[in-house]
Amino acid sequence: MSEQKINIPKLGIFLGVVAAVASGLLAAVNVQTKPQIEKNAALKKEEAMNQVLPPFKKLVSLEKAIDGATFSVALDENNVPVGIAGVAEQEGFSGPVEVMVGLNPDGTIRKVLVTKQTETPGLGTVITDRKIQKTINDLFHPTELVGLPPNQYLDQYETATSETTWTVTKDGGDIDAKTGATITSRAVCAAVSKVYKAYNGHSDEILKGAE
């Protein structure tokens, strides 16, 4: 039985055409889906800001990052700052952890929200997620939740001050970490610290940028 010879040049051309067509299709899909992806990301960011900031009339986002954090200033109807949202990220256990921190104009922390993470479910996510915890009592006496669901690891930052040592207790600091999720705890702590220190070190510049 004669062996069938493979025409290498023709095979190369065929594979090249297939690769080109596949690349073209992927590019076309990306062009079509990119606007929707960007729109969804913008809506998610807006929702997060509404959760960490007080009611506001206008939001001014500063283009330049300051010490690793980006800021948006919330203004009332008289263009007076009522709150600041700062965003920073730090590498966690499974990837970057992005944190949004709501600040009062005086630099104190209102709320902390993790906006992006890929941490281990049941361990790292205990640090990052805000989920409504139901009890048996809630089944018989349901109450409407006002504001963000509590998270003891995120809520502790609301009492932070200029005297706070911004590391987890395991490293000699003031921030409580969850056993088994120390890396995630460190990542959240470092990201919140970036925002807090950047704002409190450059508050005049940030607030002036919103004028």
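Side notes on the structure shown:
- Unmet criterion (only one of (1) modelled with pLDDT of 95 or more; (2) under 17 Å from the mean Cα position of the chain (by Cα)) for Thr159: (2)
- Within region 203-210, at least one residue is buried (at least 16 other Cβ atoms within 10 Å of the Cβ), of a type in the set (S, T, N, Q), closer than 27 Å to Asn79 by Cβ and modelled with pLDDT of 95 or more.
- Residues that are at pLDDT 95 or above and over 22 Å from Leu148 (Cα atoms) within region 37-60 comprise just one, Val60.
- Test for Asn40: is it farther than 19 Å from Tyr196 by Cα, without any contact (Cβ under 8 Å) to a residue 60 or more places away in the chain and not charged (D, E, K, R): yes
- Filter result (touching a strand residue (DSSP E or B) at 6+ places or on another chain (Cβ under 9 Å) and either within 20 Å of Glu89 (Cα to Cα) or of a type in the set (Phe, Trp, Tyr) (or both)) within region 153-173: Tyr153, Leu154, Asp155, Gln156, Tyr157, Glu158, Ala160, Thr164, Thr165, Trp166, Thr167, Val168
- Filter pass, Glu46 being among the acidic types (Asp, Glu), in a helix (DSSP H, G or I) and out of contact with any Asp or Glu (no Cβ under 9 Å at 6 or more places or on another chain): yes
- Each residue in region 95-126 was checked for being of a type in the set (Gly, Ala, Ser), surrounded by 15 or more Cβ atoms within 10 Å (Cβ to Cβ), outside any helix (DSSP H, G or I) and more than 14 Å from the chain's Cα centre (by Cα), and 1 of them qualify.
- Of the residues making up region 84-95, those that are without any contact (Cβ under 8 Å) to a residue 40 or more places away in the chain and at negative phi are Ala85, Ser94.
- Every test in (1) in contact with a Lys or Arg (Cβ under 8 Å, 6 or more places away or on another chain); (2) closer than 21 Å to Thr120 by Cα is passed by Trp166 save one, and that test is (2).
The values are calculated or read from the model by the stated rules, or taken from the named source; none is laboratory data. This one's a predicted model, so the numbers in the text were calculated from it and none came from an experiment. Cβ: placed from backbone, ideal geometry, glycine included. Neighbour counts: every protein chain shown.
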